[in-house]
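Report on one structure; see the data block that follows.
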Amino acid sequence: MSVQTAKSPMVQAPERIAVGTDDTIGPAIVPPGKWRLAIITVSLCCGTFLVALDTTIISVAVPSISTTFQAFDDVGWYGSAYLLTVTAFQPAFGNVFQLFNARTTYVVVAILFEAFICGRAITGVGAAGLYQGALSIVGLTVPLEQRPMYLGIVLSVFGIAACLGPPLGGILTQHATWRWCFWINLPIGAVSISLIFCFLKLRACPFKSPDGILARIRPLDLIGIILIIASVCCLILALQFGSSANYWRSSRIIGLFIATGLLLVAFSISQWHQGERSTIPLRVLRQRSVLMGAIFSFFLEISIYETLYYIPFYFQSAQLVSPTVSGIRGIPLGVSQIAAVVLTGVAVSLTGHYVPFMVLGQVVSIIGTVCLARLEVDTSSALWATFLVIAGVGHGMGLQMPFTAVQVVLSDEDIPIGNAITVFFSQLGAAIAIAIGESIFQTGVAHQVHASHLPISAETVIAAGPTGLRSLTTDTAILRQLQDAYAYGIRMVMYFALAASCAAVPFALGMEWLNVKKEAAKRKKVEESVDEKTQGNEEKGKEQEKSSLGLAT
């Protein structure tokens, strides 16, 4: 049963079958040597970088892609198709990494990511496993008190991708072709697969290891996995179709929302019926820090993705710069996020406190988003760069804290499930951000075009895309009004990001204010007590064996 006391908030998992990495039973956490751990960390960073890069590198290429195909109405699909499967498969991979060999599973999903690189949505399945696997492997190789720092290092690659992805995407789009934004993943994935396969050596988890593939698959909640995947797909399809057509009352959209609700009800009933074999055990979801952290991540990702996805639109449409320059201008956002993620991870490892950084990060994020909501066509470079730095610091400070909380409040066996819940909510927020952001953006542009009484229809302006504004007119006055219209649409998106940042604050305050170092010390004492008891029982057994041998003699 779940146990939670004032002294130890950690949720204890009941005994269930799990599969380790070999046939022997050993300690759950066996830290590798420094060099091996460094190599493993680099490989995890490479794999996670792929997940992040596939979102950020395309953010700059989207305007060119939409202009090439004359399909600006479908701009949200470039991100949503990928995020749909990344989100939908997170709960499934939480179960998979709990029950199967972590190294083998990670290598398989990395190969899946590489093999289906031509399919945007299918690639998301592999990306879901890479993200989940990185978090699980950190939990299996790093002691609790050091995990915030290593989680910060691994998750900092999202900032690196935010920093390198846009300029790289701009260079490839402008000087080669946007298709290279996808093919570039192949060599990075090969490095990650090779390093993990060669250097990651784990002992088995301390749970019973059944033999045979059927025994390993049987504990999976296949019905629950299918229902949650179907419900997420219906939800994101409804949001995307609604935002693309900007018509939310159509029978197709209403039908998808109804299907989402029915599937979620069926999923809830399935989870209650399955009990401990469910995809998302209720005892884990009800844990205060897990639930609060997951919802916090949901709103945080909305703010992050609105900023990441639509700031390139500002540079390319409102300021009429090339994709390459647009990517370079986004570097302050990525660099500040990298610094914030890494430094807060180190700070948590040193102080043990993580909730204050969540709260402070949201305050900074709110300030940065308010500033971004004031962007104009002629905003100076110094101002927009400062705004991006503030927003990046705020986003980075809170990014990894919900995952740190999962490591603190859950048992080692339940950590993959807790990670899956948190990643699921965060990726759902990202997918919703792109879909809703598209609708807000197009509505804002259309409103400003109508208000300006331009001789060009709003539909024509939207269809031209950010990089096609110059082709609509040779009149500089009209071009300036078109730039103003796009800047207005981007400001509306930033207000939505601001609302999300504000909504995250109560959930940060609702977290349990625990100390990582103190919880690690408590667990160490418990482990030492168990070891002493085990050693005492072994010595007692040897003495009894000697006595019986003496009596027999």
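No value in this document is a laboratory result; all are computed from the given coordinates. All figures in this text were calculated on a predicted structure; none of them were measured in a lab. Positions of Cβ are backbone-derived with ideal geometry, glycine not excepted, and every protein chain shown enters the neighbour counts.
Observations
- Asp378-Ala190 pseudo-label distance in nm [points 7 Å out on the Cα-to-Cβ vector]: 5.2
- Per-pair calculated FRET efficiency, R0 = 41 Å: Glu276 and Leu479 via Cβ, rounded to 0.05: 0.05
- Put in line by how crowded their Cβ is, counting other Cβ atoms within 10 Å and starting with the fewest, His395, His175, His353 read His175, His353, His395.
- Ranked by how many other Cβ atoms sit within 10 Å of their own Cβ, fewest first, the residues Arg249, Arg103, Arg470 fall in the order Arg249, Arg470, Arg103.
- Tail weight of P(r) past 17 Å, computed on alpha-carbon pairs of the range 319-430, percent: 62
- Amide N proximity, the range 315-330 versus His175 label position 7 Å along Cα-to-Cβ, cut-off under 14 Å: 323-328
- With neighbour counts taken as other beta-carbon atoms within 10 Å, the residues Arg252, Arg277 rank, fewest first, as Arg252, Arg277.
- Two-site label geometry, Ile111 and Ser250: point separation in nm, points 7 Å out along Cα→Cβ: 4.1
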